[in-house]
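Novice: Please find one structure pasted underneath; my questions will follow.
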Amino acid sequence: MTKKLSFRMILGLVLLVIITAAALFAPWIAPFSPTQTTTAVLAEPSLEHFLGTDQLGRDVFSRIIWGTRVSLQVGAAAAVVAVLIGAPIGLIAGFFRGRIDFFLVQVIDIFIALPGLVLALIITAMLGPSVVNLSITLGVVTAPTVARLVRGQVFVVRETLFVEAARATGASSSWIIRKHIMPNTMRVVWAQFAINVSLAIFTSASLSYLGLGVPPPNPDWGGMVRDGSMFLPIRPVLSLAPGFAVALTVFTFYLIGSSMNDAD
Amino acid sequence: MLALIASRIAVMIPNVIILTFLLFAATTQFLGTPAAIMLGEDASPETVAELNAQLGFDAPLLVRYWDWISGALSGEFGRSYSTQQPVSEMIADALPLTLELAVWAILIAFIGAALVNSVTFLKSLVEKLVAGVSVIGITVPNFFLGLLLIYIFSVQFRLLPTTGWSDWSDGVGKHLMHMILPALTLTTFYFSSFSLVYKAEYKSVENNLFVRAARSKGLSESRISYRHILPNSILPLITYAGLSLGQLVGGAVVTETVFSMPGMGRLLVNAISARDFPVMLAVGMVIIVGVMLLNLLADLAYSLINPMVRTAG
């Protein structure tokens, strides 16, 4: 484990620490309440309000800091759901092959081909908007990518000599899966986990922007961009600052995931 | 070839049936009956039941699905609950705009990725630029990129119209001016992924003997790149572009909302907020069938291009 960390990985980890700290210590970092409305509406950025205030007089900087919590919660929960659904499917398809594989690949391919955002729109409309429903929906929608990836990796590991040796000594399928296949696919799964977090944050912000994601009055980045975009000509910071927060968070997880993939 | 097309269509039809059934069951079972929503909470159960019967919502699920799908196949999607307009008319109004936006986005990404990634001068600088744009394309959500472009080009420099839509009939120039920013917003992501696909193929083609032959003839590097390597590297990109068109609908929904364009995306978002079932179902159906058809076309295009798949299939 003396592998040298790449610059991309270090940058990603530093950003991750900053973002996680913002989420954990939001009550201490944010100077104002994220939901308390005041009469100082649409104030310009100043020393008191770094990024000004929105149309209801709420401090934009504080709302962005608090918004980190919802974003990370939805992103992480969705990625967990995606792995819990996708990894077993990929494992079964890749290990047992044959008809099961054919059938599962059909299902996976269909769901990968359908636009994830539209699927998520319809499912959240069905379940009703809430943070929990949003996480489950995004997890389900992104699960097929995990399944396909795990299946591909299992295909490779399954053909290695040590698996063949284990089979020759009479090891059972479940033993081989537990002792050989799973440990050797974990790395890919972790990299995809990070990518899925970024994908879920991206999509949940888009849903909130469309007005069908995180319900108000939760401080949520996508919703802030939506509300702020009406004031784009006079107060661009209202919509551009939370938009930048989304992009930065998505970038962070994408960087970590992709540099984990490049490392080998 | 005919056998291949037939077998692909044979797989596609059950898929479309299953997916549309899931869509129908999901929208109509989970959201509550439209009568309950339309009449509000104060309505008595009798009036709700009466309206349900009137709308055909008292029949079993399979019967209702059959009624809907047989109507949909003949282009009859019913009337919108909120505007009372025939849904087929609403789709006919919105679909061309979304298709045009999608085609522009794919075309720009396709041509851009192939041309820019074949550049032979200032190669390292161009590669860094492509990597930069690619990171933006993958990590910056459409709504943020769209707003950023509006702010830069429309608010600050006043070069382009902010939002809204102008039909072809208002003049080609005006129409295209309204199309530039949405197309740019949507194309960035596809430029990134197309670049990856194209660059990988380009690198493997570069090692071929005919490239070495061209080089030993003394052809210029740019001529080798654009005349010899590019045409031979573009095939995987064609398939990939076909597959991407389906995914592009998701981006189009957001982009249309940012630029307030009256396309399929806005139709879907409005229908979902208003619980307008006929419109939701129709848009969902169009998307499912569209994605399946595009995948089929991409599949066929690929087998036309690659004879090995053709004989095997």
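The values are calculated or read from the model by the stated rules, or taken from the named source; none is laboratory data. The structure displayed is predicted, hence computed values, not measured ones. Virtual Cβ from ideal backbone geometry, glycine too; neighbours counted across all protein chains shown. Quick note on the areas: whole protein, heavy atoms, side chains included, nothing else; ligands and nucleic acids left out. Shrake-Rupley method; radii C 1.70, N 1.55, O 1.52, S 1.80 Å.
Novice: Loop only per DSSP, at most 13 neighbouring Cβ atoms within 10 Å: give me the trypsin sites (Lys or Arg not before Pro) in the stretch A:1-60, ordered by residue number.
Specialist: Values: sites: A:3, A:4, A:8, A:58; in loops: A:3, A:4, A:58.
Counting only loop positions with at most 13 other Cβ atoms within 10 Å, the trypsin sites (Lys or Arg not before Pro) in the stretch A:1-60 are A:3, A:4.
Novice: What is the ratio of the Cα radius of gyration of the stretch B:114-236 to 2.2 N^0.38 Å, where N is its residue count, to two decimals?
Specialist: Working: Rg = 18.7 Å, N = 123, 2.2 N^0.38 = 13.7 Å.
Relative to the rule-of-thumb radius for its length, the stretch B:114-236 sits at 1.37.
Novice: In terms of Cα to Cα distance under 19 Å, which aspartates and glutamates are near enough to residue A:179, apart from those fewer than 8 places away along the same chain?
Specialist: Partners found: A:159, A:164.
Novice: Something else about it: Among A:69-76, A:139-146, how do they line up by average Cβ neighbours within 10 Å per residue, starting with the highest? Before the final figure, lay out the partial values.
Specialist: Values: A:69-76: 22.1, A:139-146: 24.0.
The peptides rank, most packed first, as A:139-146, A:69-76.
Novice: Still on this structure, please answer the following. Could you give the C-alpha radius of gyration of chain A expressed as a fraction of 2.2 N^0.38 Å, taking N as the number of residues it contains? Could the numbers behind the result be given before it?
Specialist: Details: Rg = 21.7 Å, N = 264, 2.2 N^0.38 = 18.3 Å.
Normalised Rg, Cα atoms only: 1.18.
Novice: Let me ask something additional. Which pairs in the list B:123/B:174; B:128/B:199; B:123/B:203 are over 25 Å apart, alpha-carbon to alpha-carbon?
Specialist: Details: B:123/B:174 36 Å; B:128/B:199 13 Å; B:123/B:203 14 Å.
Result: B:123/B:174 exceed 25 Å.
Novice: How much accessible surface area, in Å² rounded to 10, belongs to the heavy atoms of residue B:199 with a 1.4 Å probe?
Specialist: Residue B:199 exposes around 40 Å² with every protein chain in place.
Novice: At what distance in angstrom do the alpha carbon centres of the stretch A:197-259 and the stretch A:6-82 lie from each other?
Specialist: 11 Å
Novice: Also, quick follow-up: Would you work out the relative contact order for chain B, in percent, from Cα pairs under 8 angstrom that are 6 or more residues apart? Provide the component values of the computation, followed by the final result.
Specialist: Numbers: 313 pairs, mean separation 83.5, N = 313.
The value is 27 percent.
Novice: May I pose another question? For q = 0.15 Å⁻¹, what log10 I(q)/I(0) does chain B give under the Debye formula with an equal point scatterer on each alpha carbon and no solvent?
Specialist: -1.24
Novice: So what is the calculated 222 nm ellipticity per residue for the protein assembly as shown, using -39500 (n - 2.57) for each DSSP H run with n of 4 or more, over all residues, to the nearest 500 deg cm²/dmol? The partial results should precede the final answer.
Specialist: Working: 25 runs with 419 residues, N = 577.
Calculated at 222 nm, the ellipticity per residue is -24500 deg cm²/dmol.
Novice: Please list 3J(HN,Hα) in residue order for the stretch B:143-151, calculated via the Karplus relation 6.51 cos²θ - 1.76 cosθ + 1.60 where θ = phi - 60°; whole Hz, with x for glycine and proline.
Specialist: 5, 6, 4, x, 5, 4, 5, 4, 4
Novice: What is the distance in Å between the Cα centres of the stretch B:106-144 and the stretch B:192-264?
Specialist: Using only Cα atoms to place each centre, the spacing works out to 11 Å.
Novice: Do me a favour and compute the ellipsoid semi-axes for the stretch A:66-109 from its Cα gyration tensor, root of five times each eigenvalue, largest one first, whole Å. Intermediate values should be presented prior to the final figure.
Specialist: Numbers: eigenvalues 203, 17, 4 Å².
Values for the stretch A:66-109, descending: 32, 9, 4 Å.
Novice: How long is the gain from residue B:135 to residue B:107 if the chain were fully straight, where each residue apart is worth 0.36 nm and the alpha carbon distance is subtracted? Write out the running numbers ahead of the final one.
Specialist: On the way: separation 28, 0.36 × 28 = 10.08 nm, distance 2.00 nm.
Full extension from residue B:135 to residue B:107 adds 8.1 nm.
Novice: I'd like the orientation of helix B:264-274 relative to chain B: the angle between its Cα long axis and the longest Cα principal axis, in ° from 0 to 90, rounded to 10.
Specialist: Relative to chain B, helix B:264-274 is tipped by roughly 30 degrees.
Novice: Scan chain B and hand back the longest stretch that contains none of the chymotrypsin sites (Phe, Trp or Tyr not before Pro) lying in DSSP loops with at most 16 other Cβ atoms within 10 Å.
Specialist: On the way: sites that count: B:121, B:157.
Result, exposed sites excluded: B:158-313.
Novice: At what distance in nm do the modelled label points of residue B:89 and residue B:167 sit from each other, each positioned 7 Å from its Cα along Cα→Cβ?
Specialist: Here the modelled spin labels are 1.3 nm apart.
Novice: Under the definition of partner shielding as Cβ atoms of other protein chains within 10 Å of a residue Cβ, what is the mean value for peptide B:142-155?
Specialist: Values: counts 4, 12, 16, 2, 3, 10, 7, 0, 5, 6, 1, 0, 2, 4.
Average per residue, whole number: 5.
Novice: Using only alpha carbon pairs under 8 Å that are at least six residues apart, calculate the relative contact order of chain A and give it in whole percent.
Specialist: On the way: 410 pairs, mean separation 62.7, N = 264.
Once divided by the residue count of chain A, the mean separation gives 24 percent.
Novice: Net charge within 12 Å of residue B:215 by Cβ-Cβ distance, Lys/Arg positive one each and Asp/Glu negative one each, not counting residue B:215 itself?
Specialist: Values: positive: B:212, B:217, B:223; negative: B:206, B:221.
Charge balance near residue B:215 sits at +1.
Novice: Additional query: Whole number please: convex hull volume per residue, Cα atoms of the protein assembly as shown, in Å³.
Specialist: On the way: hull volume 125.1 nm³, N = 577.
In the protein assembly as shown, the Cα convex hull volume per residue is 217 Å³.
Novice: From the mean inverse distance of alpha carbon pairs (Kirkwood) and the Cα radius of gyration, derive Rg over Rh for the stretch A:111-264. Don't skip to the answer; put the middle values down first.
Specialist: On the way: Rg = 20.3 Å, Rh = 17.8 Å.
Dividing the radius of gyration by the Kirkwood radius yields 1.14.
Novice: Oh, and also: Helix B:172-206 against the longest principal axis of chain B: what's the angle in degrees, Cα atoms only, rounded to the nearest 10?
Specialist: The helix B:172-206 is inclined about 50 degrees to chain B.
Novice: Compare B:75, B:171, B:112 in a GNM of chain B, Cα atoms joined below 10 Å, and give the one with the largest fluctuation.
Specialist: B:171
Novice: Quick one: what Rg and Dmax do you get for the stretch B:224-313 from the alpha carbons, in Å?
Specialist: Values for the stretch B:224-313 (Cα only, Rg and Dmax): 18.0, 57 Å.
Novice: Can I ask one more? I'd like to verify something in chain A: which complete DSSP H helices, judged by Cα projection on the helix axis, reach 15 Å or more and average at least 1.6 on the Kyte-Doolittle scale?
Specialist: Working: long enough: A:7-24 (25 Å, 2.52); A:60-96 (53 Å, 1.64); A:98-113 (22 Å, 1.56); A:116-127 (16 Å, 2.73); A:131-158 (38 Å, 1.23); A:182-209 (39 Å, 0.80); A:237-262 (36 Å, 1.29).
Helices meeting the criterion: A:7-24, A:60-96, A:116-127.
Novice: Scaled to the compact-protein estimate 2.2 N^0.38 Å, what is the alpha-carbon radius of gyration of the stretch A:142-196, rounded to two decimal places? Write down the numbers at each step before the final one.
Specialist: Working: Rg = 12.3 Å, N = 55, 2.2 N^0.38 = 10.1 Å.
With N residues counted in the stretch A:142-196, Rg over 2.2 N^0.38 Å equals 1.22.
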